[in-house]
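Single-structure report; data block below.
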């Protein structure tokens, strides 16, 4: 998939590793361990990152330790994780009874979950592998933090003049961050009204946008609503910005 290749390229460009030799070794339940030590979330892709850690113990005097991280991704609504990037082998620079390596992965696309599959190798002095293990880290959840403007309903009330109507369009921000001011457009039986300006909308808040003194819709006719028709707001989902509804008047 093109999107997967693009994510792979973005991911690979932002990889950084930190090797830490630690002594004495912390108490571990086994000779190897894989974990997640940081999961930074942000609206900015460059600031979204995960830090995975691998830890392993020496099994024999003079053995050589190595580990490799494969980054796995589970996209929103996907049933399972799939491999996104396999990183180079990390080799212990000098023998020690305990070795710890931190792999930091940046530029993580949202919305998705990320984890690492860590492969551990133990080699003898001849370079022959005599032990191998694999462990999975806990996942790092990267939600899409952008706002999401959502059409939430429409009502109409006829005014003192029977041919004029007051329309109220409800708009919700179902996203995870505030949205700046935006327009709401309303078309009645094919006639477009002047758009109304809606104020900035905090996450989880609903706003009523009112069109006053508008033509009365024809019973059985249609009204078309467009939220942010000029695409001023960078949203997580644009599919719920428009609606076609029947005239609510009888």
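Listing for the model above:
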{"item": "Residues satisfying the stated conditions in the stretch 200-229, i.e. within 11 Å of residue 184 (Cβ to Cβ) and part of a loop (DSSP other than H, G, I, E, B)", "result": "228, 229"}
{"item": "Neighbours by Cβ (under 6 Å, 6+ apart or cross-chain): first from the stretch 89-102, in the same structural domain as residue 37 (by TED's automatic domain parsing) and loosely packed, with under 15 Cβ neighbours inside 10 Å; second modelled with pLDDT of 95 or more and assigned to a strand (DSSP E or B)", "result": "89/66; 89/68"}
{"item": "Odd one out for residue 157 among (1) modelled with pLDDT of 95 or more; (2) on the phi < 0 side of the Ramachandran plot", "result": "(1)"}
{"item": "Where residue 59 falls short, out of the listed (1) closer than 21 Å to residue 100 by Cβ; (2) surrounded by 15 or more Cβ atoms within 10 Å (Cβ to Cβ)", "result": "(2)"}
{"item": "Test: residue in the stretch 179-190 that is surrounded by fewer than 14 Cβ atoms within 10 Å (Cβ to Cβ) and under 26 Å from the mean Cα position of the chain (by Cα)", "result": "yes"}
{"item": "Flag if residue 65 is surrounded by 18 or more Cβ atoms within 10 Å (Cβ to Cβ), in the same structural domain as residue 131 (by TED's automatic domain parsing) and under 16 Å from the mean Cα position of the chain (by Cα)", "result": "no"}
{"item": "Scan of the stretch 47-61 for residues that are in a loop (DSSP other than H, G, I, E, B) and in contact (Cβ under 8 Å) with a residue 40 or more places away in the chain, ordered by number", "result": "48, 58, 59, 60"}
{"item": "Matching residues, the stretch 138-152, being surrounded by 17 or more Cβ atoms within 10 Å (Cβ to Cβ), over 10 Å from the mean Cα position of the chain (by Cα) and in a loop (DSSP other than H, G, I, E, B)", "result": "139, 147, 148"}
{"item": "Top-ranked residue in the stretch 28-46 [being in contact (Cβ under 8 Å) with a residue 12 or more places away in the chain and within 18 Å of the chain's Cα centre (by Cα); ranked as nearest to residue 99 (Cα to Cα)]", "result": "36"}
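The values are calculated or read from the model by the stated rules, or taken from the named source; none is laboratory data. Remember, it's a predicted structure, so these values are computed and weren't measured experimentally. Backbone-built Cβ (ideal geometry, glycine too); neighbour counts: all protein chains shown.
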